[in-house]
1. Determine, yes or no, whether G66 is among the small types (G, A, S), loosely packed, with under 11 Cβ neighbours inside 10 Å and modelled with pLDDT under 85.
2. Considering every residue within the stretch 71-80, establish whether at least one is outside any helix (DSSP H, G or I) and either loosely packed, with under 12 Cβ neighbours inside 10 Å or of a type in the set (G, A, S) (or both).
3. Quick one: in the stretch 36-51, which of the residues that are exposed (fewer than 14 other Cβ atoms within 10 Å of the Cβ) and either within 19 Å of A67 (Cα to Cα) or of a type in the set (D, E, K, R) (or both) is modelled with the highest pLDDT?
4. Identify the residue in the stretch 13-35 that is surrounded by 14 or more Cβ atoms within 10 Å (Cβ to Cβ) and in contact with a Phe, Trp or Tyr (Cβ under 7 Å, 6 or more places away or on another chain) and, among all such residues, is farthest from W87 (Cα to Cα).
Amino acid sequence: MRMVVYLPALLAALTDCAVALVVGAVPQDYPGRVVVLQIAMLAAALLVALPYRRVRFTAFLLMSAGAFACVLSVGVWYVPTVIAAAWSVSRRSAPQERRA
């Protein structure tokens, strides 16, 4: 069950590969902005797995802003990653029930 917190990072890595294939298939040069976006999204997805609530929330905001800023180009590809990050953050932020 602990591996579920790495789901956003896994989705971000898969999305980075897909974006690299799609953007690389275009005969133009690979834009530097896409590389920066990929690194930022993967780093934010890895930060979501940390146990600190403020870091998780900040990473989620960074992922949301990155997907929103590039929504017309490659940002749409990161929507499942942002949804998984939101699920991971909300799941671990909720108060846990104690079993007797």
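1. Numbers: among the small types (G, A, S): yes; loosely packed, with under 11 Cβ neighbours inside 10 Å: no; modelled with pLDDT under 85: yes.
Taking the combined requirement at face value, the residue does not satisfy it.
2. Going through the stretch 71-80, the residues outside any helix (DSSP H, G or I) turn out to be 71-74.
Now narrow it down to the ones that are either loosely packed, with under 12 Cβ neighbours inside 10 Å or of a type in the set (G, A, S) (or both): 72-73.
Yes - at least one qualifying residue is present in the stretch 71-80.
3. Keep residues of the stretch 36-51 that are exposed (fewer than 14 other Cβ atoms within 10 Å of the Cβ), which gives 36, 39, 50-51.
If we keep only those that are either within 19 Å of A67 (Cα to Cα) or of a type in the set (D, E, K, R) (or both) as well, we get 36, 39.
On the way: V36: 82, I39: 86.
So, considering only residues that are exposed (fewer than 14 other Cβ atoms within 10 Å of the Cβ) and either within 19 Å of A67 (Cα to Cα) or of a type in the set (D, E, K, R) (or both), the one modelled with the highest pLDDT is I39.
4. Among those residues, the one meeting the criterion is V23.
The values are calculated or read from the model by the stated rules, or taken from the named source; none is laboratory data. Every value quoted in this text rests on a predicted model; they were computed, and no experiment measured them. All Cβ positions, glycine included, derive from the backbone under ideal geometry; neighbour counts span all protein chains shown.
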